């Protein structure tokens, strides 16, 4: 029954995808008017004006271009012409670095807040004010103080990933069942050993959920951050191709951003499953 | 009463009340037990019996008074006092062996892996869970989980075993077998045990001394009932013993009526010298006169 459901769902998915491609193809087939012009002028105007081709690329154009990109993802022809693999690599590296720094800060701090009611109350107003700030609002301040656009992007990733992890860690740690803590207490387990053998495994599913939310937000923010700081990365690529008026490349970049985001989420989902325990 | 292995000396527990005052759960509570004894506290909900156990365990602190175990005032929790929790409190991410080993490594930090495993295995075998060592708590039934809880408590070879209504969440059949196991283990090892229950039959079967507490707030230890039934009593023919109904009626009477009116009716109750009662044939009972019990065929079966 389950496998048949999965099979039927796959068929519906494929059908929807085919319908989407079909509608896309038909609507970009090109029905524009063809103006009469001299051959020199026609060269300047391009296919949109001469052959009535749609300005929006169709699925075949995008497919051909994507194949071209996939054949050589790592070429480097100077600052404005790098392979998509290199651009994605830059973005992933920035996200990884900022995210890793956020993990180092958020999880120990979350433990402190979760275990100590004093720090929980003392730090709460700061967290409440800092949490709703859009990560991009930090950008000018980061650029001014750090004076390096690439590190500023990493800082923005750090600041946006830190909050969900911090809140989930402190919540998970504070919500560890009293009876498990009491077991550790009656066994005279010290604070450090208790933190690692009882609180960490008990709070791990909640912590991992926070980390999963964070990686999603970080990947959302990196595109916008790279549009601002420029130079390298998939966000910069999108903006650069917009300036080149290459809608085909913009569509390809959008597709790849989605796929990479999905993969990052799946990796964290797998980690979450590994630490989840049945009750 | 000569050898006071556990001695609770004048403890009180008060909580801050809503109106700024203090709500007292119990005041000036004195209680003592000898080594190897099995004590049961019976009382209605809210009489503070769990608080007494938590204080004994070191999980809670008395507002006043002290608890002395084996000649030393207790301070916080200790590996000498193992607790079997009502909700079994197993760590769900560890296996049966992992849960017991956790306790063993907590007591003997310098033991190597093989020694810990062998020691833990011994207690898993003792509670009859051989073959389930690598299962997780979620794969076990309620009774099996509580067996792991018992194995974990026993594995650290505590001076006292503290049990907070350990079987109340189990079905009647499982409860019966686990009571048998606990009684067997306590008799074999001479384990001192302190248990909280509101099951009268459980107390009669397991306990040497039954502590009756009145209703809270302001609960007092009203009476200590010494169990007159023989040490080698069995769960199956317990109710055929001639003293059984006298004992049971005494406790039930207390729970039904006297626990409510005790504070109002008994004026000169001395919490330091709580009356010790030993219900026997001379105890007047409602169901039948002592003569009738003596003449009944039940007695011959029990003897």
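Read-outs throughout are calculated quantities, based only on the coordinates presented, and are distinct from any laboratory measurement. Computed from a prediction, not measured in an experiment: that's the story for all the values here. A quick note on method: Cβ atoms are made from the backbone with ideal geometry, for glycine too, and the neighbour counts reach across all protein chains shown.
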**OP:** Rounded to the nearest 0.05, what FRET efficiency do residue A:259 and residue A:147 give with R0 = 35 Å and r taken as the Cβ-Cβ distance? Could you check?
**Re:** 0.55
Subject >> Cα principal axis extents for region B:16-122, largest first, Å >> reply: 55, 33, 25
Subject >> Compactness relative to 2.2 N^0.38 Å, alpha carbon Rg of region A:76-195 >> reply: 1.43
**OP:** Calculate, for residue B:110 and residue B:28, the FRET efficiency according to 1/(1 + (r/R0)^6) with r their C-beta to C-beta distance and R0 60 Å; round to the nearest 0.05.
**Re:** 0.90
Original post:
If you take the beta carbon distance between residue A:55 and residue A:14 as r and set R0 to 35 Å, what does 1/(1 + (r/R0)^6) give as a FRET efficiency, to the nearest 0.05?
Top reply: 0.75
**OP:** Averaging sequence separations of C-alpha pairs under 8 Å and six or more residues apart, then dividing by the length of chain B, give the relative contact order as a whole percent.
**Re:** 22
Original post:
Using the eigenvalues of the Cα gyration tensor, what equivalent ellipsoid semi-axes result for region A:3-56 when each is taken as the square root of five times the eigenvalue, whole Å, largest first?
Top reply: 42, 8, 5
**OP:** Kindly give the semi-axes, whole Å and largest first, of the ellipsoid equivalent to chain B, taking each as the square root of 5 times a Cα gyration tensor eigenvalue.
**Re:** 33, 26, 17
**OP:** Which order do the peptides A:61-67, A:122-128, A:180-186 take when ranked by the mean count of other beta-carbon atoms within 10 Å per residue, highest first?
**Re:** A:180-186, A:61-67, A:122-128
Original post:
Counting pairs of alpha carbon atoms under 8 Å apart in space and at least six apart in sequence, what relative contact order in percent does chain A give?
Top reply: 19
Original post:
Can you give the Kirkwood hydrodynamic radius of the protein assembly as shown from its Cα pairs, in Å with one decimal?
Top reply: 30.1
**OP:** Let me have the 222 nm mean residue ellipticity of chain B computed from DSSP H runs of 4+ only, each contributing -39500 (n - 2.57), with the sum over all residues rounded to the nearest 500.
**Re:** -10000 deg cm²/dmol
Original post:
How would you rank A:145-157, A:202-214, highest first, on the average number of other Cβ atoms within 10 Å across their residues?
Top reply: A:202-214, A:145-157
Subject >> Most to least packed among B:22-33, B:163-174 [average Cβ atoms within 10 Å] >> reply: B:22-33, B:163-174
Original post:
When Cβ neighbours within 10 Å are restricted to other protein chains, what is their mean count per residue of peptide B:86-95?
Top reply: 5
**OP:** Count, for each residue of A:176-182, the Cβ atoms from other chains sitting within 10 Å of its Cβ, then give me the mean as a whole number.
**Re:** 4
Original post:
Counting partner chain Cβ atoms within 10 Å of every residue's Cβ in B:75-83, what's the average?
Top reply: 3
Original post:
How large is the helix-only mean residue ellipticity at 222 nm for chain A, computed as the sum of -39500 (n - 2.57) over DSSP H runs with n ≥ 4, divided by its residue count, in deg cm²/dmol to the nearest 500?
Top reply: -25500 deg cm²/dmol
Subject >> For chain A, average projected area of the Cα convex hull in nm² >> reply: 21.7
Subject >> Relative contact order computed over region A:3-56 (Cα-Cα under 8 Å; 6+ residues apart), in percent >> reply: 34
